[in-house]
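Here's the structure, in structure tokens; my notes come after.
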Amino acid sequence: TLDEETFCIEQFGARPAKYVDDLGWMNSNAWFAHAIHLNDDEIQRMAETDAGISHCPTSNMRLGSGIARIKEMMDAGVRVSLGVDGTASNDAGNMLMEIRNAMMISRLRDESFWLTAREVLWLATRGGASVLGRNDIGELSIGKQADIALFSVEQLEYAGGMSDPIASLVFSVRTTSVDYLIINGEIQIRKGCSKIDEKALLKTHNDIAGEMLQKAQQKTGINFLE
């Protein structure tokens, strides 16, 4: 964010990218989340050092942080992936929504910087594998791990979009679960139903959230529910 950039300049006399580069942290074993306000020289330096970027468009929108220059990064050869960030700044953590938002937020810029449906899908799959330094995931091919998400296009969300199912999947908003999810060859979601006890998990999360809220109210004296 811009306030973090200002803080870094005041405290360390350098912009964030320059500071981490001076520390020797900008290299092929490192990736940086958000990277919204990089200038041309910093993008080029990212490419030269083979550092990675995790683009988190939903979080960036929720916090009003800005629009990352993803098209320029890709054109410069920077390794870019997609991330959902954390629950403090992304309530859903929905990767399919993240893919859509990555495409949509790019279209608030000049048309020359727009991302296509296939480009953002690439960022979420092969881009993620590249940033993580993994050559065993990210695509469906012989020798790779069988990580597969299957979506039925026989849904109202995709009506009229079968001339381009990939674009339809990215452009349309799907709120339900994937139909099948296979992780390393094992089916984890079948016909939209997870192997996890979702009701128990939901109760645990709600209990923890309630405890956190109660502690925050006790510590601050603020009633956050008003």
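The values are calculated or read from the model by the stated rules, or taken from the named source; none is laboratory data. Just so you know, these numbers come straight off a predicted model, no measurement behind them. All Cβ positions, even for glycine, are placed from backbone atoms using ideal geometry, and neighbour counts span all protein chains on display.
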Open item on the list: I'd like the full set of residues that are in contact with a Phe, Trp or Tyr (Cβ under 6 Å, 6 or more places away or on another chain) and over 23 Å from Val84 (Cα atoms), limited to the range 9-55.
Closed with: Phe12, Tyr19
TODO: Kindly establish whether Arg45 is modelled with pLDDT of 95 or more, among the basic types (Lys, Arg) and within 15 Å of the chain's Cα centre (by Cα).
DONE: no
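Kindly provide the set of residues from the range 6-26 that are surrounded by fewer than 13 Cβ atoms within 10 Å (Cβ to Cβ) and either touching a residue at least 12 places away in the same chain (Cβ under 8 Å) or assigned to a loop (DSSP other than H, G, I, E, B) (or both), ordered by number.
Step one: filter the range 6-26 for residues surrounded by fewer than 13 Cβ atoms within 10 Å (Cβ to Cβ), giving 6-7, 10-11, 13, 22-24.
Residues satisfying the conditions are Gly13, Leu23, Gly24.
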TODO: Scan the range 173-185 residue by residue and report those that are modelled with pLDDT under 90 and out of contact with any strand residue (DSSP E or B) (no Cβ under 9 Å at 6 or more places or on another chain).
DONE: Val173, Arg174, Thr175, Thr176
Task: Verdict on Asp75 being on the phi < 0 side of the Ramachandran plot, assigned to a helix (DSSP H, G or I) and either of a type in the set (S, T, N, Q) or crowded, with 16+ Cβ neighbours inside 10 Å (or both) - done: no
Task: Check on Ala51, buried (at least 17 other Cβ atoms within 10 Å of the Cβ) and closer than 15 Å to Arg79 by Cβ - done: yes
TODO: Answer yes or no as to whether Ser130 is more than 17 Å from Ala149 (Cα to Cα), surrounded by 15 or more Cβ atoms within 10 Å (Cβ to Cβ) and in contact with a Phe, Trp or Tyr (Cβ under 6 Å, 6 or more places away or on another chain).
DONE: no
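Conditions (1) surrounded by fewer than 15 Cβ atoms within 10 Å (Cβ to Cβ); (2) in the same structural domain as His34 (by TED's automatic domain parsing); (3) among the hydrophobic types (A, V, I, L, M, F, W, C); (4) closer than 26 Å to Asp85 by Cβ, marked per residue:
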site: Trp114; (1), (2), (3), (4): yes, yes, yes, yes
site: Trp122; (1), (2), (3), (4): no, yes, yes, yes
site: Ser172; (1), (2), (3), (4): no, no, no, yes
site: Ile182; (1), (2), (3), (4): no, no, yes, yes
site: Gln217; (1), (2), (3), (4): yes, no, no, yes
site: Asn223; (1), (2), (3), (4): yes, no, no, no
